[in-house]
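The values are calculated or read from the model by the stated rules, or taken from the named source; none is laboratory data. What you are looking at is a predicted structure, and each value in this text was computed from that prediction instead of being measured. Note that each Cβ is placed from the backbone with ideal geometry, even for glycine, and that neighbours are counted across all protein chains shown. Heavy atoms of the whole protein, side chains included, go into the accessibility calculation; ligands, DNA and RNA do not. Shrake-Rupley method; radii C 1.70, N 1.55, O 1.52, S 1.80 Å.
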Amino acid sequence: MSLAQTSSLRNRSAEAFLHNPALGPLGALIVAIIVFSATTSTFLTVDNLSLVMQQSLVVATLALGQTLIVLTGGIDLANAAIMVLGTMVLARLVTEGGPSGVALLIGFLVCAALGAISGGLVTMLNLPPFIVTLGMLTVVLAAGRLYSEGNSFPVTNDVLGVLGEGGYLFGQLKVTHGMTLAVVMFAVTWYALTRTAWGRHVYALGNDPEAARLTGIHVGRTRFSVYLIAGVIYAFAAWQALGRIPNADPNAFQTGNLDSITAVVIGGTSLFGGRGSVLGTVVGALIVAVLRSGLTQAGIDSLYQDVATGVLVIAAVAFDQVVRRRSR
């Protein structure tokens, strides 16, 4: 390779790096860490950073499924509710004496089936994803409360709680099996989106469904597969949640849906579809966790934290809209 070719390759690599949609969110994450470290005395400690990592785990996994759906131009308002119902199914079956393996199988099937129902309604009836998942949210919330009969279920089973166990990095930073599983899921999803035909179809579908159809992409099958896979990812989130907090509560994760959408959009994924990355979602989930932790350390009421999260979503979507208009 000549010197000119080497220089050209370096320039293209640098340009690709600077245009990476995850770069801006990464800068915002670093700024947030610096601000909270300077304004509070308890944020930048090993124990708190370890807690931030663990708290971001379930939201990050929910956001992973949400990312797939948003990339197609859709949205899932029911993902946290599906995850919570999954925890109820897992915990109640084991509490009533069922084998943990069977409980896991049924829990995964329930979450996958709910994802498939949403995907089927969006694909076959051509209904708006917002309306379908809003209806699914109401149905799943009610189903979870009916199924639990208003009770919560403590989890003492080793298999259901295994994702909360693990070891310590450098003797202090806790690394759970749930974190390892999340890394594997993000890596597999990144590979599927960037190295397979299915991933290219997902992006093409989000950019322009009609153009994707005209190029021979099976639009309906691709969209349905995305919702089905997202349902399976929510089941993993349910398992992680039981490892994080060994108690299945029908009222848990009430802001999980908002947090997952926030993580996706501030991670650089466009709510209009066709643009975004798994890496950006990881950074977005960390921003949400750092923001909540930093505001808590600063003594800000949780209601104001929700206000800040909502403002972040609106600001990120507005920024995305501006970027899209300029790129046309």
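For the stretch 91-140, state the average projected area of the convex hull of the C-alpha atoms over all orientations, rounded to one decimal in nm².
Seen from a random direction, the Cα hull of the stretch 91-140 projects 3.8 nm² on average.
Which three extents, in whole angstrom, do the alpha-carbon atoms of the stretch 21-114 cover along their principal axes, largest first?
50, 36, 17
Show me, for the stretch 180-188, the HN-Hα J-couplings you get by feeding each phi into the Karplus relation (A = 6.51, B = -1.76, C = 1.60, θ = phi - 60°), rounded to Hz, glycine and proline as x.
Karplus-based 3J(HN,Hα) across the stretch 180-188 equals 4, 4, 4, 4, 5, 5, 5, 5, 5 Hz.
Starting from the Kirkwood radius over alpha-carbon pairs of the stretch 221-267, derive D by Stokes-Einstein at 20 °C in a medium of 1.002 mPa s and give it in µm² s⁻¹.
D = 174 µm²/s.
Evaluate E = 1/(1 + (r/R0)^6) for GLU149 and ALA197, where r is the Cβ-Cβ distance and R0 equals 56 Å; express this FRET efficiency to the nearest 0.05.
The computed FRET efficiency comes out at 0.75.
I'd like the carbon and sulfur percentage of the solvent accessible area for the chain, probe radius 1.4 Å, heavy atoms only, ligands and nucleic acids excluded.
67 percent
How much length would be gained if the chain were fully extended between ASP306 and THR42, taking 0.36 nm per residue of separation minus their Cα-Cα distance, in nm to one decimal?
Values: separation 264, 0.36 × 264 = 95.04 nm, distance 2.13 nm.
Difference between extended and current length: 92.9 nm.
Send over a whole-number figure in Å² for the accessible area per residue of the chain, probe 1.4 Å.
It amounts to 49 Å² per residue over the chain.
Could you run the Karplus curve 6.51 cos²θ - 1.76 cosθ + 1.60 with θ = phi - 60° over the stretch 226-234 and give me ³J(HN,Hα) per residue in whole Hz, x for Gly and Pro?
Each residue's phi maps through the Karplus curve to give 5, 5, 5, 5, 4, x, 5, 4, 5 Hz.
Under a Cβ-only charge scheme (Lys and Arg +1, Asp and Glu -1), can you give me the dipole magnitude of the chain about the Cα centre, in debye to the nearest 20?
1100 debye
With the dipole of the chain worked out from charges on the C-beta (+1 for Lys and Arg, -1 for Asp and Glu) around the Cα centre, which of ILE300, THR95, ALA316 lies farthest toward the positive end?
ALA316
Hey, any idea what Rg/Rh is for the chain, computing Rh the Kirkwood way over Cα pairs?
0.99
For a quick check: with amide H placed at 1.01 Å from N, whose amide H comes under 5 Å from ALA248's, ignoring anything fewer than 5 positions away on the same chain?
PHE153, VAL155
Which order do the peptides 59-70, 281-292 take when ranked by the mean count of other beta-carbon atoms within 10 Å per residue, highest first?
Taking the mean over residues of other Cβ atoms within 10 Å, the ranking is 59-70, 281-292.
Do me a favour and compute the ellipsoid semi-axes for the stretch 199-328 from its Cα gyration tensor, root of five times each eigenvalue, largest one first, whole Å. Write down the numbers at each step before the final one.
Working: eigenvalues 187, 91, 21 Å².
Those come to 31, 21, 10 Å.
Report, in whole Å, the centroid distance computed from the Cα atoms of the stretch 147-190 and the stretch 63-104.
So the separation of the two Cα centres works out to 14 Å.
How large is the direction-averaged shadow of the alpha-carbon convex hull of the stretch 245-304, in nm²?
Mean orientational projected area (the stretch 245-304, Cα hull): 5.5 nm².
Compute the signed sum of charges (Lys and Arg +1, Asp and Glu -1) over the other residues within less than 14 Å, Cβ to Cβ, of GLY267.
-1
Output wanted: per-residue J couplings in Hz (rounded whole) for the stretch 101-111, from phi through Karplus 6.51 cos²θ - 1.76 cosθ + 1.60, θ = phi - 60°, x for Gly and Pro.
For the stretch 101-111, the Karplus-derived couplings read x, 5, 4, 4, 4, 5, x, 5, 5, 4, 5 Hz, x marking Gly and Pro.
Given H placed on each backbone N at 1.01 Å, which residues far from ILE217 in sequence or on other chains put an amide H within less than 5 Å of it?
none
Go through 308-316, 178-186 and give me the packing order, highest mean Cβ count within 10 Å leading.
178-186, 308-316
Which whole-number percentage describes the relative contact order of the chain, with Cα contacts under 8 Å and a sequence gap of 6 or more?
Relative contact order comes out at 32 percent.
PHE170 to VAL31: extension gain in nm, 0.36 nm per residue of separation minus the Cα-Cα distance? Can you show the working numbers first?
Working: separation 139, 0.36 × 139 = 50.04 nm, distance 2.52 nm.
Length gained, PHE170 through VAL31: 47.5 nm.
Amide H to amide H, which residues 5 or more places from GLY166 or on other chains are under 5 Å from it, using H placed in the peptide plane?
Answer set, sorted by chain and number: HIS177.
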